[in-house]
1. Taking the Cα centroid of the stretch 178-232 and of the stretch 1-53, what is the distance between the two, rounded to the nearest whole Å?
2. Cβ neighbours within 10 Å, averaged per peptide: list 84-91, 1-8 in order, most packed at the top.
3. Step through the residues of the stretch 9-14 one at a time and calculate ³J(HN,Hα) from phi using the Karplus curve (6.51 cos²θ - 1.76 cosθ + 1.60, θ = phi - 60°), rounding each to whole Hz and writing x for Gly and Pro.
4. Ranking request for peptides 114-123, 21-30: highest mean number of other beta-carbon atoms within 10 Å first, then the rest in descending order.
5. Excluding same-chain residues fewer than 8 positions from Lys48, which aspartates and glutamates have a Cα within less than 19 Å of its Cα?
6. Counting each DSSP H run of 4 or more residues in the chain as -39500 (n - 2.57), what helix-only mean residue ellipticity at 222 nm follows after dividing by all residues, to the nearest 500 deg cm²/dmol?
7. In terms of Cα to Cα distance under 18 Å, which lysines are near enough to Lys235, apart from those fewer than 8 places away along the same chain?
8. Rounded to a whole number, what is D in µm²/s for the chain from Stokes-Einstein with the Kirkwood radius over alpha-carbon pairs (20 °C, 1.002 mPa s)?
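Where a number appears in this text, it was derived from the coordinates with a stated rule and is not lab data. Everything quoted here is computed from the prediction, not taken from an experiment. Cβ sites come from the backbone with ideal geometry, for glycine too, and all protein chains shown count toward neighbours.
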Amino acid sequence: MRFLCLPGAYGSADKFQVQLAPLVNELLSDDSASFHFINAPCEAVPPKGFEDFFGKPPYYRFIEPDEKETEDTDVLSRIRDFPECDTPEDTMRELFKEGVASSVLSTKRAIEFLLDIMEKEGPFEGIIGYSEGATVAGTLLLAEQELFEKTGRQPMIKCAVFFAGWPPLDPRTYSMVLSDESDTMINIHTCHIIGSLDPYVAGSLALYNTCEPDYAHIFDHGKGHTLPREKVVIKELGDVIRNMIAEAT
């Protein structure tokens, strides 16, 4: 299976390839999968205080504020004070409740950008997204579902791997899809790799809750907002993804 790979905010194709290398090597070892890494379309600058965390430039993002008024209107500037509420959905509502700049234009451009890559550089049967890349991947899947409903275009992506993501955006309204507000659901096979120590794990759980439960699997690597690298964990995760590929194809 060929996977399209979307890095997180302030990442790049090269950085994501390094981050994902243990899993890539595991799945390449028996030709279970191949991988195509891309940069996001928007050049970016990390929030103050996070420059070292994201490594050396260049930095890219899929989604950015439509009007760059102040840093405080960018939701990613709020991750320093991530809320804790009773449910994952309440947490995401609290994070986005006021003063967050619209990102409709950049989200629309990001989905068009990805559909164009799929058309020109595909086909891709799977998609992998990390952090912001997972959110955009989920949004792309919903966009494929909407295209099928409107035009009969068959969805290309058959399964998805989400690392530490947040819920997708509705491609019709560009609002965040939350399972206690919407019946909209990602209807393909998904694997959700979370870290129980991730301070943003509520976002990952809210993403999981937007996916068809019969096709969704959670894998907890027990660490933070990172990608797993330990040999034993990678072998176990590789087998989970192999099973998902077999079920999806």
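1. 18 Å
2. Packing order, densest peptide first, comes out as 1-8, 84-91.
3. Working through the residues one at a time gives 4, 6, x, 7, 4, 5 Hz.
4. 21-30, 114-123
5. Cross-link targets: Glu64, Glu67, Glu69, Glu71, Asp72, Asp74, Asp81, Glu132.
6. So the helix-based figure for the chain works out to -11000 deg cm²/dmol.
7. The qualifying lysines are Lys223.
8. 119 µm²/s
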